[in-house]
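The values are calculated or read from the model by the stated rules, or taken from the named source; none is laboratory data. As the structure is a prediction and not an experimental result, all values here were calculated from the model. Here the Cβ positions follow ideal geometry from the backbone for every residue, glycine too, while neighbour counts run over all protein chains shown.
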Amino acid sequence: MTAIGLARTAAAGHDRLARVRAIARWWDEAVRLPILGWRVGLDAVVGLVPGLGDLVGLVVGGLLIAEAVRLGAARPVVARMALNVGIDALIGTIPVAGDLFDLGWKANRRNRDLLERWLEAPAEAERTSGLVVVAAFAAVAAAVVAVGWLVVIAIAAIAGR
């Protein structure tokens, strides 16, 4: 690649990272609440609209993930980013509790921080992200097995065994 091509690639990467930072700031940290000192963004406001707010939040989270992919982020990092957005979207669907959860979870900020850690120390971010993703899948699998086991016990109890 030529020097001009490298410069363009670096500039594009810088633009992508700047876009990720801006989206995360506006979506999760735009305004400081006066008495509490918490920072909230558009996600907290848009999230108050049932259904639509969660969908918009999911799309915005997807935009950050797409930028990470364009920057060349490793698969474990992208998977962890998707996990962060998925948790935000899933819990966000619960009325009131989901809105309160959004005040603390801030998936876009988490994803911005994760992407920046990956850019600074790729191997470390890939390793920890991989462990988090594996642990999350293990937890989901354990929950599915536990629910299945409880269903079997309930059916046996109803059947009188």
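Results, tabulated for the structure shown:
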item: Residue that is farthest from Ala121 (Cα to Cα), among those in region 42-81 that are surrounded by fewer than 17 Cβ atoms within 10 Å (Cβ to Cβ) and of a type in the set (Gly, Ala, Ser); result: Gly51
item: Identity of the residue in region 1-30, outside any helix (DSSP H, G or I) and out of contact with any Gly (no Cβ under 7 Å at 6 or more places or on another chain), that ends up modelled with the lowest pLDDT; result: Thr2
item: Subset of region 60-102 (residues that are farther than 22 Å from Glu116 by Cβ and among the β-branched types (Val, Ile, Thr)); result: Ile91, Thr93, Ile94, Val96
item: Positions within region 118-161 being charged (D, E, K, R), closer than 27 Å to Glu67 by Cα and exposed (fewer than 11 other Cβ atoms within 10 Å of the Cβ), in sequence order; result: Glu120
item: Counted residues, region 119-148 - those being out of contact with any Pro (no Cβ under 9 Å at 6 or more places or on another chain) and in contact (Cβ under 8 Å) with a residue 12 or more places away in the chain; result: 3
item: Close pairs (9 angstrom Cβ cut-off, 6 or more residues apart or separate chains): closer than 15 Å to Pro95 by Cβ and in contact (Cβ under 8 Å) with a residue 12 or more places away in the chain in region 45-60, of a type outside the set (Val, Ile, Thr) and loosely packed, with under 13 Cβ neighbours inside 10 Å anywhere; result: Pro50/Pro95
item: Cross-chain or 6+ apart pairs with Cβ under 8 Å, region 14-30 first and under 13 Å from Val46 (Cβ atoms), then hydrophobic (A, V, I, L, M, F, W, C) and modelled with pLDDT under 90; result: Trp26/Leu42; Trp27/Leu42; Asp28/Val40; Ala30/Val40; Ala30/Leu42
